[in-house]
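Any read-out appearing in this document is the output of simple, stated calculations on the displayed coordinates, not a laboratory observation. Remember, predicted model here, so these are calculated numbers, not experimental data. In this analysis, Cβ positions are derived from the backbone assuming ideal geometry, glycine residues included, and neighbour counts consider all displayed protein chains.
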Amino acid sequence: MSAGQRPGQAAHPAQVAPAQVAPAHVAIIMDGNGRWAQLRGLPRQEGHRRGLEALRGTVRNAGELGIRVLTLYSFSTENWRRPATEVSFLLGLLKRFVEKDLGELHAAGVRVRVIGGRDDLAPDLRRMVEHAEAVTRDNDGMTLVVAFNYGSRDEIVRVARQLATDAAAGRIEATAIDEAMLALRLDTAGLPDPELVIRTSGETRISNFLLWQAAYAEFVFTPVLWPDFDRAAFEAALAEYGRRERRFGGLAEPSGRAAGAA
Ligand code: IPE
Ligand code: IPE
Ligand code: MG
C-alpha cells in the first residue's frame with residue numbers, strides 16, 4: 001500500500017470489463033404488463049397481449065445480437081395466485097404463441113426448451129410443451145428457454161426429492177452429491193448459467209427465478225415496462241453488462257479481467 005492510500009483501496013483502480021464480450025445466456029424477468037395497461041386505462045389483458053409482441057421482438061433481437069441462450073420468465077409458480085380469469089388468459093396466450101410461432105421458430109433454427117414443473121400442468125398444455133421441444137430438439141440456432149410454471153425453489157425441491165429417492169434406493173451415495181450432480185438434475189441441465197439477468201418494470205427483486213443458476217449473474221434492472229422493451233432497451237442492458245467487472249470471488253487484475261474467471 002503506497003502513502004496516502006486508504007486501507008481497502010485498490011492499488012490498481014479496477015478497470016471495466018470489455019463491452020465486446022457478449023453474454024452467451026441472457027435471462028429476462030418480463031415484468032410490467034399490468035402497469036403498462038393501467039397507465040393507458042386499458043385492461044391488464046391488453047398489457048399481456050402487448051407483452052407477447054415484446055417477447056416476439058426480443059427473441060428476434062436476441063438471435064441477431066448473437067445470444068446463444070435466451071431464457072424468458074413467462075409464468076411463475078406464484079402466478080397461480082392471480083385471479084382465475086387472468087391465469088386462464090395468460091395460459092391461452094402461451095398456447096397461441098406456441099401454436100402460431102413454433103413453425104417460424106423452427107424454421108429459424110431455434111431450439112425450444114421449457115423449464116418449470118410439468119406434473120401439475122393440464123394434459124393439453126403438457127403435450128404442447130413436449131411437442132415444441134421434440135420438434136425443435138435438433139436445431140442448432142439459439143436456444144429459447146421458456147420458464148413456465150417455474151419457481152426456483154420448486155425446481156430445487158424436485159431435485160432434492162429425486163436425489164433422496166436415489167440415495168435411499170442405493171443408486172447413488174449421499175456423499176457423492178456435489179454441485180455438478182445437482183445442476184445436472186435441474187430443469188436447466190446442460191445449459192450454461194446466465195451471465196446476465198434483466199428485469200423490466202423497475203422492480204429490483206428476483207421473484208424465485210433461477211436462484212441457483214444466477215449465483216454469479218450480473219443483474220440489470222430497467223424501469224422500462226415489458227411491452228416497451230425494444231431493441232434499444234435490450235442493447236442498453238447489454239452495454240450496462242459490458243461495463244460490469246466480474247470477479248467470481250477472485251481479485252480484479254490490472255488488466256480488468258477477473259482472476260479465475262472462465
Ligand atoms: C408480467 O407482467 C407478466 C407476468 C408476470 C405473467 P405483470 O402482469 O406482472 O405486470 P405488473 O407487474 O402487474 O405491472
Ligand atoms: C415475476 O413477475 C414472474 C414473471 C415475470 C413471470 P411477478 O410480477 O409475478 O413478480 P412479483 O410478484 O412482482 O414479485
Ligand atoms: Mg409483475
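Note: relative contact order over the chain, using C-alpha pairs below 8 Å and six or more positions apart, is 29 percent.
Kirkwood radius, the chain, all distinct C-alpha pairs, inverse of mean reciprocal distance: 20.1 Å. On the beta carbon distance between A183 and R40, with R0 = 35 Å, the FRET formula returns roughly 0.25. Calculated mean residue ellipticity, 222 nm, the chain: -12500 deg cm²/dmol, from DSSP H runs (n ≥ 4) at -39500 (n - 2.57) each, averaged per residue and rounded to 500. Volume of the convex hull of region 67-205 (Cα atoms only), normalised per residue: 149 Å³. What the Cβ-Cβ distance of K100 and F248 gives, at R0 = 45 Å and to the nearest 0.05, is a FRET efficiency of 0.65.
For region 15-123, the convex hull spanned by the alpha carbon atoms encloses 151 Å³ per residue. On the principal axes of its alpha-carbon atoms, region 139-262 has extents of 53, 41, 33 Å, going from largest to smallest. Span-like helix criteria (full DSSP H runs; alpha carbon extent of at least 15 Å along the helix axis; mean Kyte-Doolittle hydropathy of at least -1.0) are satisfied in the chain by 84-107, 123-136, 152-168, 231-242.
Ordered from longest to shortest, the equivalent ellipsoid semi-axes for region 50-108 are 24, 14, 9 Å, each the square root of 5 times a Cα gyration tensor eigenvalue. Less than 5 angstrom separates the built amide H of T71 from those of V26, A27, I28, V145, all sequence-distant by 5 or more or on a different chain. Taking amide H as placed 1.01 Å from N in the peptide plane, the amide H of V220 sits under 5 Å from that of V197, I198, R199, each at least 5 places away or on another chain. Highest average first, the peptides 106-115, 135-144, 23-32, 178-187 ordered by how many other beta carbon atoms sit within 10 Å of their residues are 23-32, 106-115, 135-144, 178-187. At an R0 of 25 angstrom, the distance between the Cβ atoms of E78 and V21 translates into a FRET efficiency of 0.15. Provide the percentage of antiparallel DSSP beta bridges, counting only those with both residues in the chain; round to the nearest 5. If we restrict to bridges inside the chain, about 5 percent are antiparallel.
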